[in-house]
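Notes for the one structure printed next.
The values are calculated or read from the model by the stated rules, or taken from the named source; none is laboratory data. It should be emphasised that the depicted structure is a prediction, and the values quoted were computed from it without experimental measurement. A quick note on method: Cβ atoms are made from the backbone with ideal geometry, for glycine too, and the neighbour counts reach across all protein chains shown.
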Amino acid sequence: MDDTSGEAVMRPAGLSERTVAAGQEVLAGRRRGLLDFLPFAGPAVVASIAYIDPGNFATNIQAGSHYGYALLWVVVAANAIAMLFQGLSAKLGIVTGRSLASLCRLHLPGPLVVAMWLASEVAAMATDLAEFLGGAIGLALLFHLPLLAALGITALVTYGLLLLGHRGFRPIELVIGGFIAVIGLGFAVEVLIAHLDWAAFARGAVVPDLPDGGALTLAVGIIGATVMPHAIYLHSALTQNRMPTAGLAQRRRLLGFSNREVVLALSFAGVVNMAMVGMAAAVFHAGHADVAEIETAYHLLVPLLGGGAGIAFMAALLASGFSSSVVGTMAGQSIMQDFLRWRTPLWLRRAITMLPAFAVVALGWNATQSLMISQVVLSLALPVPMLALLWFTGRRAVMGAFVNSRLTQAVAVAAALVVMALNAVLLAQLAGVAIPGLG
């Protein structure tokens with residue numbers, strides 16, 4: 001299938017002629033080398049910031065401080081699921097020339113499309129709550145500002161970054177890539193200073209364990225913070241019609257480059273998430289197991305590990321908050337436009353999605369607890385894009401020769417069922433139903 005008639009979404013304006021020409025030379029086999037990957041890099045880098053946003057800080061710090069290394073396996077499993085579904089989303093955009101949301105609008109009944117859009121909008125607001133609050137918390141702690149003032153500064157900074165999208169793909173991709181490097185460097189410093197128990201770290205990464213009901217809630221929150229609905233939607237929008245191809249062979253090569261980028265970008269995000277849990281386990285679990293807030297973690301890090309650790313933590317949080325808020329707004333624009341064909345001005349979209357964060361602060365609610373709740377909401381909304389993605393990538397009428405293999409479809413269905421089962425157990429627990437083995 002070679003459907004390239006998909007509508008343009010509200011996203012960066014495109015690649016330069018030079019980048020497109022270089023990519024086509026690689027796809028045609030006329031150019032080979034270690035740097036041939038670069039013309040195709042970008043979409044997975046942008047999507048990966050969703051996997052190391054401030055919601056991850058909140059859930060990972062709680063997981064490490066409360067349960068030590070025990071929930072590291074959840075981070076590993078969530079990251080594997082994220083790789084699979086981000087790869088499928090990228091494939092959908094490359095093969096069909098359309099985003100996941102636009103395919104839903106074209107192929108599914110109207111009432112179902114509206115319901116999916118509403119669920120996606122709730123997820124987008126929950127996403128932005130975490131990202132926006134995270135950046136503001138970082139500013140407030142680092143510069144001793146009132147949280148409401150920090151929110152206003154964060155809004156201005158992220159809006160300015162969003163304007164880079166009018167200059168094409170590369171500027172915003174490079175900026176987000178730089179933020180990701182800052183986050184990674186920050187947690188590399190934390191791990192070096194914290195002296196992790198690497199034997200316990202390795203055991204926690206591979207041995208499943210849910211000590212109690214609170215661990216289940218955190219596990220679902222980790223999945224919600226790691227496998228992000230808006231990132232699944234956005235990845236297909238970023239890959240649609242990005243790099244022209246001629247024939248099936250070139251498209252297969254393009255998919256190969258896309259899959260490699262997904263593995264590299266999300267592996268880096270997964271390592272960062274594991275470092276967050278490991279740092280919290282090493283520093284807080286033994287003597288400060290009740291640490292549940294980003295602010296508390298920061299204030300304890302400085303006396304326990306020194307000022308350098310506190311600065312590294314705050315730099316990573318600021319980079320995470322600013323960049324993920326940009327990506328969240330891009331995803332929200334794409335979702336609304338592709339589901340409903342509604343365009344909204346950038347400033348209006350930014351204003352709508354940041355309202356919940358201002359409400360949380362104005363009403364005096366606990367910011368970190370609000371981050372945690374937002375991640376559970378995201379996990380509950382996650383089956384909507386997951387199931388839609390499985391439906392489309394598993395249909396030969398949509399994907400042609402690139403339809404999912406039976407093995408890929410089976411693994412993806414199993415992953416989706418695991419997520420939905422965890423959500424069902426969490427809902428039962430919240431309703432007061434006793435879950436055997438979870439106290």
Item to complete: Kindly indicate whether GLY214 is surrounded by fewer than 24 Cβ atoms within 10 Å (Cβ to Cβ) and touching a His at 6+ places or on another chain (Cβ under 9 Å).
Response: yes
Practice prompt. Give the residue, chosen from GLN369, GLN333, that is under 27 Å from LEU147 (Cβ atoms) and at pLDDT 80 or above.
Written response: GLN333
Worksheet, complete the sentence: Considering residues that are under 15 Å from ARG170 (Cβ atoms) and touching a Phe, Trp or Tyr at 6+ places or on another chain (Cβ under 8 Å), the number found within region 42-67 is 1
Worksheet entry | Out of LEU389, LEU363, sole residue that is buried (at least 18 other Cβ atoms within 10 Å of the Cβ), at pLDDT 75 or above and not polar (S, T, N, Q) | LEU389
Worksheet entry | The lone exception for ALA286 - which of (1) of a type in the set (A, V, I, L, M); (2) surrounded by fewer than 21 Cβ atoms within 10 Å (Cβ to Cβ); (3) within 25 Å of LEU151 (Cα to Cα) it fails | (3)
Practice prompt. Please give the number of the condition VAL403 fails out of (1) in contact (Cβ under 8 Å) with a residue 24 or more places away in the chain; (2) touching a Lys or Arg at 6+ places or on another chain (Cβ under 9 Å).
Written response: (1)
Worksheet entry | Pairs with Cβ under 8 Å, 6+ apart, first in region 324-341 and at positive phi, second surrounded by fewer than 24 Cβ atoms within 10 Å (Cβ to Cβ) and among the acidic types (Asp, Glu) | ARG341/GLU7
Practice prompt. Please state which of the following conditions ARG98 fails to meet, knowing it meets all the rest: (1) part of a helix (DSSP H, G or I); (2) charged (D, E, K, R); (3) over 20 Å from the mean Cα position of the chain (by Cα).
Written response: (1)
